[in-house]
There are 2 protein chains.
Amino acid sequence: MSHRATVDFLLHDWLNAEQLCQRERHAEHSRETFEAVLDLSEKLATEQFAPHNRLVDTHEPEFDGHAVTLPEVTPRALQAFSEAGLMAASKDAELGGMQLPTVVEIASMSFFYKASIALAAYPMLTRGNANTIVAHGTPRQIEVFAKPGLEGRTFGTMCLSEPQAGSSLSDIATKAVPDVAGDGSGLSWADDPLGPRHRLTGNKMWISGGEHEMGENIVHLVLAKIPGPDGKTIPGVKGISLFIVPRKLVKPDGTITATRNDVALAGLNHKCGYRGTVNTLLNFGEGKFPVNGQAGAVGYLIGKPGEGLKCMFTLMNEARTGVGLGATMLGYAGYEASLAYAQQRPQGRHASAAGKDASRPQVPIVEHADVKRMLMAQKAIVEGGLGLGLLCAQLIDDEQTGTPEQAEKAGLLLELLTPIAKSWPSEWAQEANSLAIQIHGGYGYTRDFPVEQYWRDNRLNMIHEGTHGIQGLDLLGRKVVMNGGKALSVLAERISQTVQQAGQVEGLAVHANALAGALQKVGATTKAAWATNQPDEALANATCYMQAFGHTVLAWVWLELALAAKAAQQGGHWCASPLGPGFLKGKLAACDYFFSYELPKIDAWLGVVSRRDMTCAQAQADWF
Amino acid sequence: MSHRATVDFLLHDWLNAEQLCQRERHAEHSRETFEAVLDLSEKLATEQFAPHNRLVDTHEPEFDGHAVTLPEVTPRALQAFSEAGLMAASKDAELGGMQLPTVVEIASMSFFYKASIALAAYPMLTRGNANTIVAHGTPRQIEVFAKPGLEGRTFGTMCLSEPQAGSSLSDIATKAVPDVAGDGSGLSWADDPLGPRHRLTGNKMWISGGEHEMGENIVHLVLAKIPGPDGKTIPGVKGISLFIVPRKLVKPDGTITATRNDVALAGLNHKCGYRGTVNTLLNFGEGKFPVNGQAGAVGYLIGKPGEGLKCMFTLMNEARTGVGLGATMLGYAGYEASLAYAQQRPQGRHASAAGKDASRPQVPIVEHADVKRMLMAQKAIVEGGLGLGLLCAQLIDDEQTGTPEQAEKAGLLLELLTPIAKSWPSEWAQEANSLAIQIHGGYGYTRDFPVEQYWRDNRLNMIHEGTHGIQGLDLLGRKVVMNGGKALSVLAERISQTVQQAGQVEGLAVHANALAGALQKVGATTKAAWATNQPDEALANATCYMQAFGHTVLAWVWLELALAAKAAQQGGHWCASPLGPGFLKGKLAACDYFFSYELPKIDAWLGVVSRRDMTCAQAQADWF
């Protein structure tokens, strides 16, 4: 109940999402249609995803040399998801979509992430894949490769990393050459209606959903380099292009054939968690499945040559905020589980000045201060993280359907917040999951309870779609300095508005002051980091900067939520709900928690950044 | 190499362990004998433990209804350990021991913890069990139940928790009644040479090593309550007594019979990590193995009735520092693995003001600032943690063989530091393991690399042998206030000496100031917490207090190590070693790291304690 109620609170008491229905694109919608989608999502997630979350952990994907086997619950859950039309929830009606605002679509996804992140990863990837084709593809590419994905008939992947190139995408070695010899269709490579046809050769690592027998096809989006006339590729990211590579060949009219493209599974990765999402090493063009007698995976160029990374970043940015929300919802799942456990587990007694009376019954552990602290920390992390995730989703709405001024600001803010939306929940919802285990004591460490799996699953999130370190460099090295610091100014303006508003509200003024101070420190530290204009000095502690920046952003989110809670208290509608006045008091307490326990941590992180501390950066190899 | 060298540095450049050989008990020893034991330990751990660490994770103990099966590598590794005489390394010669100082015994254990914590848990438990019997048992009990353990012939457990009583030991329900009906020996219960004979009934949870077929017997140490004449037990810990309960019955002369005692395996616990240590739910006295026709597990009282918890704390305190060192060494294993990976993994290039030249070869990731930061953090955590572990071990030596004044101070300091020695590595070496995964990127999240297992294994350490929350209450509720704050004064005196010394050393004076400031803040916060003399206010944030206290203690350890490194630089012996001058520079850099990046974190933790912040403690159930 708490999750759904909190979503309603965030959407309506805070983000005022109903206003989006005044925009032409969403004119058919209303709070009622939003609620219908959320009701359906919660029901499907609870009934079709959550019950199988442990099973997909214990029954990992298997490869017998011919086919990858997944538990049968996997296709069943995903079918239920797409049959409900959720895959295309925010898409144009002409693409079969509901034209819901992104913020509602993402709110809907939160239920699935919480229920089973490993199952929800499939639609997340497929949707991102389809979105990228919609954004950069030709009408035919959209019709043939994106639409079936949005209908839940096919699945999508993103193929960026290679065994030797993870964080450093400049170093990918997969090559694409024009398919001069032909694929048997009789069409010349340049005239193929599906796009300029190439043959790809190379290995792609960490490909989630890379091979399985679900759906009618898998549509891979693959980064590769087109060699120049001298046979050489351009070093760096400028030489990278993007290709659509279907697992089974597709006719120009969209008919999916039974013929395998030359994409072969080289192996499954066996992970610590997230085991229900099949993760693969794929060999493209090794000749296992020759097309028209030739080795080489058939792929269709999407977008312009050399602009592959730019196109892929449509997917990547979406994936990054998706990863962040996934991390948050794993945290949420742990919060709910540990709250339920704490309410029913009797252990210990209250201490008084006179000691403890062991002859009295034990109390449920939710009554112990330290357990409450661990619950409040989780609450502040997961509800704040969900707030951040929905805020970013609404920024996408503003970017797409807002006024030009709204769109510009939203775009800048979204770029700035993406590394935070990805990194902050990855780090802190992981910590929340650890606290959920802790509340369970020894039971939490066993596989008889769900929390250890949430914790294992969550550990991936600081790694994939750009590591923590990469996010820090993106934030301090690019985002806060781009356009002369314009994005940072937009954020500062928004935060200052909140500070001003909260400064006049009883109980929040002290937090408003603290947030103003934090914002000032972050600004000063940004300048101090770049004072010498030396990237190696400025960025030596970029991760610490990101940690402080993230805590400041979340403090802002919490102050916003506290303002919304205060307003709602005036309105009275929550107090009259079955949740009672405690619901809003809890929001205010979580805000207090964040400002008391969390925000003060930023000083330690900012200190090393503003001093441009080179203790680590200058450490020599033989010191370790 | 680094681990062994660091042990030598800690033992000799810092703790001056060789001086212990001047004490009569260790007169046969010298630096050479210490080194022989450490050489042997490193070799055995590397050859007999480390290679099996993944296997004991993937091949969990199995129970077929009759017997528990462990991988055959488990008894083989443990046999190698005990055949080397390491089980009794510090024990009296008459107990078959080598009379080594505890600090050397613990240094020896560090190699086994690092190689395989799950395998090393067996000797750790068996040794603690035997030590408890040696400390509180009769000569016959020592001969019959402790000595075979120290010889590696039998195994030991500690049976405290019950399904309904974990942190709250007052609530154990296992009962012990005099064995009036007899066990078939013909001896009356009161006259049994093995101790007052009782029959025990109850369930014990989380018992590591509780059931297996290794060795000749398992000796359980079991907490139980003896009902009074009215059949009722005394509520609280005062009613608890301690019993020796052998798995197979033992004759008064020590002969182990083939007859099972009434101790039955009720189930195995399936954990997230630490899977190589069998963990059990045991039913005592359920009648599965009746003795002399009667249900009830035969157990011999050890120590006095009602003093069971006091006796058990011999084992518990040893186990707590052991848990801490185990956590540290898991961190160490991850540090070594991630350092090796970072040195060989090429990825990315250095940034310069002109950008990156993608046509140049990639650099090993150890050259990136953020990777160095993650390595330095790990180094500071694991080497500092090892220092703390050895310091505590040497306090045991001082308590046992020092002058009366040394012994008194060492005892106080050890009591004060035990919750830190347990909690700090449990929390921070867990973080170190997470950083080790992070350095590996996606590879670190797979089970093809060892670091994800270290991370899973380590998560138990904040839970068992007293949770993090319990340690915080012990520290702030008991240890810093006991004897009018005498233990805290002893620590403050030691820290002040270090501050004074370091204040005169170039490069360390600034850290000395910071440490003096931290000590002052911890002292003031202790007073502020207790200013109202209300335990619920003082202890509301006891965990935060412990975190700050721990960081302060570790800053002290690091300043001590930096002083030792500076002195060693003068001496020149390390510079001449194959490790070269980098070895000591690394110690100084880790000290700089700790003072720059870590110590400043204490302000945020202490703030809530000194304000007696009740945000969490006063949160109501319906706020979550």
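The values are calculated or read from the model by the stated rules, or taken from the named source; none is laboratory data. In this text, all values refer to a predicted model and were calculated from it rather than measured experimentally. Cβ sites come from the backbone with ideal geometry, for glycine too, and all protein chains shown count toward neighbours. These accessible areas exclude ligands, DNA and RNA; they are computed on the full protein's heavy atoms, side chains included. Shrake-Rupley method; radii C 1.70, N 1.55, O 1.52, S 1.80 Å.
A few points about this structure:
- Fully extended contour minus Cα-Cα distance, from A:Gln19 to A:His350, at 0.36 nm per residue: 114.3 nm
- With its label point defined 7 Å out from Cα along the Cα-to-Cβ axis, B:Ala181 lies at 8.5 nm from the matching points of the other copies, in increasing order.
- 7 Å along Cα→Cβ, label-point gaps from B:Pro361 to other copies, nm, shortest first: 7.2
- Cα extents of chain A along the three principal axes, largest first (Å): 88, 59, 57
- For B:Leu539, neighbours were defined as the other residues whose beta-carbon sits under 15 Å from its Cβ, and their charges (Lys and Arg +1, Asp and Glu -1) total +3.
- Basic side chains Lys and Arg get +1 at the Cβ, acidic Asp and Glu get -1 at the Cβ, and with that the dipole of the protein assembly as shown about its Cα centre reaches some 780 debye.
- Whichever aspartates and glutamates have a C-alpha closer than 17 Å to that of A:Lys251, once near sequence neighbours (fewer than 8 apart) are set aside: A:Glu143, A:Asp179, A:Asp183, A:Asp191, A:Asp192, A:Glu216, A:Asp262
- The residues of the protein assembly as shown expose, per residue, 34 Å² of accessible area to a 1.4 Å probe.
- With the label put 7 angstrom out from Cα along the Cα-to-Cβ vector, B:Pro139 ends up 10.3 nm from the copy partners, going from closest to farthest.
- Other residues lying with their Cβ under 15 Å from the Cβ of B:Val245 contribute a combined charge of +2, Lys and Arg counting +1, Asp and Glu -1.
- Counting heavy atoms of the protein chains alone, A:Phe313 has an accessible area of about 70 Å² for a 1.4 Å probe.
- Protein-only accessible surface order, largest first, of A:Glu336, B:Glu598, A:Glu213, A:Glu465 at 1.4 Å: A:Glu213, A:Glu336, A:Glu465, B:Glu598
- Ranking B:Arg153, B:Arg199 from most to least accessible surface, computed with a 1.4 Å probe over the protein chains only, gives B:Arg153, B:Arg199.
- Whether segment B:65-160 is rounded, prolate or oblate, judged on the alpha carbon gyration tensor where a/c under 1.5 counts as rounded: oblate
- Taking amide hydrogens as placed 1.01 Å from N in the peptide plane, the amide H of A:Ile218 sits under 5 Å from those of A:Phe155, A:Arg247, A:Lys248, each at least 5 positions away in sequence or on another chain.
- Shielding score for B:226-237, defined as the mean number of other chain Cβ atoms within 10 Å: 1
- When only alpha carbons are used to place a centre, segment A:277-314 and segment A:18-59 end up 33 Å from one another.
- Shielded by partner chains, segment A:583-624 residues - at least 50 Å² of accessible area, 1.4 Å probe, vs chain alone: A:Ser596, A:Tyr597, A:Ala604, A:Thr615, A:Cys616, A:Trp623, A:Phe624
- Buried surface between chains A and B: roughly 7600 Å² of accessible area, summed over both sides, computed with a 1.4 Å probe on protein heavy atoms only.
- Cα gyration tensor category, rounded, prolate or oblate, for segment B:155-307 with a/c compared to 1.5: oblate
- Rolling a 1.4 angstrom probe over the protein assembly as shown with all protein chains present gives an accessible area of which 52% lies on carbon and sulfur atoms.
- Within straight-line cross-link reach of A:Lys43, lysines at Cα separation under 24 Å, skipping those fewer than 8 residues along the same chain: A:Lys91, A:Lys114, A:Lys379
- At least 10 Å² of accessible area lost relative to the chain alone, listed for segment A:368-394 with a 1.4 Å probe: A:Ala369, A:Asp370, A:Lys372, A:Arg373, A:Leu375, A:Met376, A:Lys379
- Amide proton proximity set for B:Val298, modelled H, under 5 Å, gap of 5+: B:Leu200, B:Asp262
- Lysine pair count for segment B:468-615 [Cα-Cα under 17 Å; pairs on different chains or 8 or more apart]: 5
- Computed with a 1.4 Å probe on the full set of protein chains, the accessible area for B:Trp605 sits at about 20 Å².
- Subtracting the Cα-Cα distance of B:Thr46 and B:Gln570 from their residue separation scaled by 0.36 nm leaves 185.3 nm.
- Helix runs (DSSP H) in chain B reaching 24 Å along axis by Cα, Kyte-Doolittle at least -1.0: B:117-136, B:308-344, B:369-401, B:404-440, B:482-502, B:509-529, B:542-571
- With a cut-off of 13 Å between beta carbons, the residues surrounding A:Gly231 carry a summed charge of +2, where Lys and Arg count +1 and Asp and Glu -1.
- Calculated [θ] (222 nm, deg cm²/dmol) that DSSP helices of n ≥ 4 give over chain B, each run adding -39,500 (n - 2.57): -15500 deg cm²/dmol
- Taking all protein chains as shown and a probe of 1.4 angstrom, B:Asp191 keeps an accessible surface of around 110 Å².
- Debye equation applied to the C-alpha atoms of the protein assembly as shown, log10 I(q)/I(0) at 0.04, 0.09 Å⁻¹: -0.23, -1.17
- Normalised alpha carbon radius of gyration of segment B:438-552 [divisor 2.2 N^0.38 Å]: 1.41
- Among the trypsin sites (Lys or Arg not before Pro) within segment B:282-320, those in coil by DSSP and having at most 16 neighbouring Cβ atoms inside 10 Å are B:Lys288.
- Charged side chains reduced to their Cβ positions (Lys and Arg at +1, Asp and Glu at -1) give chain A a dipole of some 900 debye around its Cα centre.
- Rounded to the nearest whole Hz, the Karplus-based 3J(HN,Hα) values (6.51 cos²θ - 1.76 cosθ + 1.60, θ = phi - 60°) of segment B:461-470 follow the sequence 5, 7, 9, 7, 6, x, 5, 3, x, 5, with x at glycine and proline.
- Residues A:Glu32, B:Glu537, B:Glu560, B:Glu94, ordered by accessible area of protein heavy atoms at a 1.4 angstrom probe radius and largest first, appear as B:Glu94, A:Glu32, B:Glu537, B:Glu560.
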